[in-house]
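Contents: one structure, followed by commentary.
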Amino acid sequence: MTIAARKIRLIMELRRGGIADTHVLSAIERIPREDFVPPPFQHQSYDNRTLPIGNGQTLSQPQVVALMTQALQVTRRMKVLEIGTGSGYQAAILSRLCRRLYTIERYRELMRNAESRFSALRLHNITTHIGDGSRGWPAQAPFERIIVTAAADSIPGALVDQLAMDGLLILPISRSSRTQELVRLKRTEDGVFEESLGDVKFVPLIEGQLPEAAAEPQKAAQSGT
Ligand code: SAH
C-alpha cells in the first residue's frame, strides 16, 4: 500500500473515531508523520498506533493527537503552549492551526531533532525551549491554549496561572498507577471548570531539572575520548 493510500485509510479511521473538524483532519493530512518517527518504524507511520521516538519517550496514537487537537479548539489568532515536544509531531499539527506555537521539552536531543524537522518543513511559527515545562513559560504568558502531552499527578498551578481568560488547558492526569484521564480545563471569570475527555496512556510528566548526563549527551560522549 502506498503512503497516500495509508494516509487516506487513517483519515477515514479518525473520522469514524469522532474527528469531524476539517481543519484538524487537513493538518493531519499535510504533516508527514513518517518524518517524525525513527526509520525502523516509518512503515507504521499511518497506522493508528503509538510509536517510540527515543529517550524512552513515545509519539501518541494519531487518534489521541487528533482528539486533543480538536478539543483544544485552536484558531489562527491564538498563542498556544505545548509541554512535551517529543518528536515535534503534535507541535507541527498545532502550528498549522494557530498564530504561534511555543513548545517545551526536557530532553535536549529530542528537541534538536524536532527543531530540524520544523525547519525542513518550513514551520516558522514555532518557538522552542529546553527545560521543565511544568513551570510553563512565564515570559510568553498568557496563552489562549495550553496542551500537555505527558501525564501529571496533579494540575500544575503555573499552567493554570498562565492561561488567558476563556482559555483552555488540556492534559492527562494520573488517577492511579495504571489509569490516566484526559482533562480539559476552562478558565472563566467565575472560576476554573473541568471536564473529562476519557481515558488515555501517556509517559509521565517529570518535574525539575534533568541530570547533567542526560541533558548534555554530547559532553558525556566526548569525555570518554
Ligand atoms: N507531543 C509529543 C509526544 C510527547 S511524549 C509528540 O508529538 O511527539 C512526552 C514528552 O514530554 C517526552 O518527550 C518527555 O521528555 C516530555 N516531558 C516530560 N516531562 C516534561 C517536563 N516537565 N517538561 C518538558 N517536557 C517534558
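The values are calculated or read from the model by the stated rules, or taken from the named source; none is laboratory data. As the structure is a computational prediction, the values presented were derived from the model and not from experiment. In this analysis, Cβ positions are derived from the backbone assuming ideal geometry, glycine residues included, and neighbour counts consider all displayed protein chains. Surface accessibility is based on the protein's heavy atoms, side chains included, excluding ligands, DNA and RNA. Shrake-Rupley method; radii C 1.70, N 1.55, O 1.52, S 1.80 Å.
Values as computed for the structure displayed
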{"read-out": "Residue within the range 54-66 that is aliphatic (A, V, I, L, M), over 16 Å from the mean Cα position of the chain (by Cα) and within 14 Å of the ligand (Cβ to nearest atom) present", "value": "no"}
{"read-out": "Failed criterion for GLY157 (all others in (1) surrounded by 15 or more Cβ atoms within 10 Å (Cβ to Cβ); (2) more than 9 Å from the ligand (Cβ to nearest atom) hold)", "value": "(1)"}
{"read-out": "Test: residue in the range 131-144 that is assigned to a helix (DSSP H, G or I), among the charged types (D, E, K, R), more than 19 Å from LEU59 (Cβ to Cβ) and at pLDDT 95 or above", "value": "yes"}
{"read-out": "Flag if THR103 is under 20 Å from GLU34 (Cα atoms) and either out of contact with any Leu (no Cβ under 6 Å at 6 or more places or on another chain) or open to solvent by less than 40 Å² (accessible area, probe 1.4 Å) (or both)", "value": "no"}
{"read-out": "Residue that is farthest from CYS98 (Cα to Cα) [pool: residues in the range 164-199 that are among the β-branched types (Val, Ile, Thr) and either in a strand (DSSP E or B) or in contact (Cβ under 8 Å) with a residue 24 or more places away in the chain (or both)]", "value": "ILE173"}
{"read-out": "Failed item in (1) open to solvent by 40 Å² or more (accessible area, probe 1.4 Å); (2) more than 12 Å from the ligand (Cβ to nearest atom); (3) over 25 Å from GLU181 (Cβ atoms), with ARG108 passing the rest", "value": "(2)"}
